[in-house]
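Report on one structure; see the data block that follows.
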Amino acid sequence: MSKIIALLICDTPMSSVVAEHGDYNAMFTQLVHAAGKQLGIADIATKCRLEPFDVEHKMEYPTDTQLDSYAGILITGSKASAYEDIEWINKLVAFTARVVTDRPALKITGICFGHQIVARALGGRCVKNDGRWEVGPTPLSLTGLGKEVFGVDSLYIQEMHQDHVPEVPPTFHLLGSTEVSMNQGMVRFSSGGAAPSPLSLFDIHVFTVQGHPEFHRGIVAQIVAARAASRAIDAATAADATRRADWPNDGVGVIGKAILGVYGIA
């Protein structure tokens, strides 16, 4: 039986990225399918299906009847800021707060902007990080819980943000940090309390990361070039990201596998 994940699409990537790598639906489908294949799930395309909803332009959401049959939701990244007081973002925050509160069996994953939306919806904050960007493959310093959740002692994730979550919201547990952004990922357990022992990924109710597991070197290179040309990021930041372009990327092999585990697919 296929598990359906509602993909709440919060942005359209730049046109050159879409032309070469697809939109967020294509990127996240590739992420979960590649992770499934690494886990030896030959029929992952049958076992896991993403159903996209355009929450930015159409403000469309799954109905309660649809949610009854879904394994969970996944909130994508966006060039927008999660703290903005605009209609579509406020609606997304309210929806997220409602499903987390009312549907403890429904798994929620937030990626970058989605991580920040979850924080805002559940008692935390998202703010601009004093003009500091994180761009390109970046090593995370994992907490003890982070090592247990990801099954590794350290990991690298593609970053592309200057907004961040400066604290860990109530009922959440930190997974990892960098020198630039303390909250690089967090989980909330279905119990609402401490981590169960022994821990199963399926015990996680809400899972978020600040980075982009769906991004790879080619995608990031295109975004860096475009944002450097428009001066959205400075030349030094762009050069440093280019210098690190060949660094490891654990988006599929570690984070993608963890996402499947949270949804009960792995």
Checking the structure you have, find out if any residue of the stretch 235-248 is farther than 23 Å from PRO139 by Cβ and either of a type in the set (Lys, Arg) or in contact with a helix residue (DSSP H, G or I) (Cβ under 6 Å, 6 or more places away or on another chain) (or both). no
Before we move on, is VAL209 at pLDDT 95 or above, closer than 24 Å to ILE5 by Cβ, within 17 Å of the chain's Cα centre (by Cα) and aliphatic (A, V, I, L, M)? yes
Out of the residues in the stretch 222-266 that are assigned to a loop (DSSP other than H, G, I, E, B) and among the polar types (S, T, N, Q), state the one that is surrounded by the most Cβ atoms within 10 Å (Cβ to Cβ). ASN249
Quick check on the stretch 182-199. Is at least one of its residues under 22 Å from GLY131 (Cα atoms), surrounded by fewer than 20 Cβ atoms within 10 Å (Cβ to Cβ), of a type in the set (A, V, I, L, M) and in contact (Cβ under 8 Å) with a residue 40 or more places away in the chain? no
Suppose we filter the stretch 165-182 for residues that are under 19 Å from GLY123 (Cα atoms) and part of a loop (DSSP other than H, G, I, E, B); how many remain? 10
Filter the stretch 137-152 for residues that are surrounded by 22 or more Cβ atoms within 10 Å (Cβ to Cβ) and either part of a loop (DSSP other than H, G, I, E, B) or touching a Pro at 6+ places or on another chain (Cβ under 7 Å) (or both) and give the result. PRO137
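The values are calculated or read from the model by the stated rules, or taken from the named source; none is laboratory data. Bear in mind the structure is a predicted one, so any value in this text is a computation, not a measurement. Ideal geometry is used to build each Cβ from the backbone, glycine not excepted, and the neighbour counts take in all protein chains shown.
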